[in-house]
Amino acid sequence: MSRADDTQELTFDAVLIGAGVMSATLGTFLKELDPQMSIGIFERLEQAAEESSAALNNAGTGHSGFCELNYTPEKPDGTIETSAAVKINESFEISKQFGSYQIKQGVIKDPSSFVVNVPT
Ligand SMILES: Cc1cc2nc3c(=O)[nH]c(=O)nc-3n(C[C@H](O)[C@H](O)[C@H](O)COP(=O)(O)OP(=O)(O)OC[C@H]3O[C@@H](n4cnc5c(N)ncnc54)[C@H](O)[C@@H]3O)c2cc1C
């Protein structure tokens, strides 16, 4: 992450505020759609991903949709509503496909350095 001083005038095609996972994801999608696009990401903290996106703050249970009880509430008749869990898991699977695509494209060089399967 480079720093901009107060006197520097910067021009970007897109500006993303905050260097969390949402800006990282949106920035990645924008670059995929238009590799020439210039993107400025502005973060108020010293490092990227220090707030909600910090690894310590993420159990990972919600990402797949499998282990969050609030995604599978019990209905008045005693059956379990699963539609939210299924929808979230479908999105998770698509995100993994996008990750695989990025590995094939060489965007992600060493997936084992940050993607680790753990038992749930
Ligand atoms: C304890 C905890 C556990 C979680 N567990 C899970 C989980 O298991 N599964 C799951 O899917 N999700 C989980 N989440 C939710 C997930 O972490 C968040 O939805 C996600 O990280 C949000 O990403 P973000 O980029 O929107 O926000 P953030 O990661 O918070 O990034 C926002 C960034 O914007 C910066 N910023 C704010 N204002 C400004 C400004 N004015 N100028 C410049 N920078 C600014 C902040 O400093 C921060 O770095 C958890 C969250 C928490 C807190």
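The values are calculated or read from the model by the stated rules, or taken from the named source; none is laboratory data. Note that the coordinates shown come from a computational prediction; the quantities given were computed from them, not determined experimentally. Backbone-built Cβ (ideal geometry, glycine too); neighbour counts: all protein chains shown.
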Matching residues, the stretch 73-102, being of a type outside the set (A, V, I, L, M, F, W, C) and touching a Gly at 6+ places or on another chain (Cβ under 9 Å): Lys87, Asn89, Glu90, Ser91
Residue check for Gln8: farther than 20 Å from Ile108 by Cα and away from the ligand (no atom under 14 Å from the Cβ): yes
Any chance Lys31 is modelled with pLDDT under 95, more than 7 Å from the ligand (Cβ to nearest atom) and not assigned by TED's automatic domain parsing to the domain that holds Gln102: yes
Residues within the stretch 11-28 that are near the ligand (Cβ under 6 Å from one of its atoms) and either part of a loop (DSSP other than H, G, I, E, B) or assigned by TED's automatic domain parsing to the domain that holds Val107 (or both), tallied: 3
Selection status of Glu90, modelled with pLDDT under 95 and among the charged types (D, E, K, R): yes
Residue tally, condition surrounded by 14 or more Cβ atoms within 10 Å (Cβ to Cβ) and either hydroxyl-bearing (Ser, Thr, Tyr) or free of Cβ contacts under 8 Å to residues at least 40 places away in the same chain (or both), over the stretch 35-50: 5
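The rows are residues; the columns are (1) within 15 Å of the ligand (Cβ to nearest atom); (2) assigned to a loop (DSSP other than H, G, I, E, B); (3) under 14 Å from the mean Cα position of the chain (by Cα); (4) surrounded by 10 or more Cβ atoms within 10 Å (Cβ to Cβ).
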{"residue": "Leu56", "(1), (2), (3), (4)": "yes, no, no, no"}
{"residue": "His63", "(1), (2), (3), (4)": "yes, no, yes, yes"}
{"residue": "Ser91", "(1), (2), (3), (4)": "yes, no, yes, yes"}
{"residue": "Ser95", "(1), (2), (3), (4)": "yes, no, yes, yes"}
{"residue": "Tyr101", "(1), (2), (3), (4)": "no, no, no, yes"}
{"residue": "Lys109", "(1), (2), (3), (4)": "no, yes, no, no"}
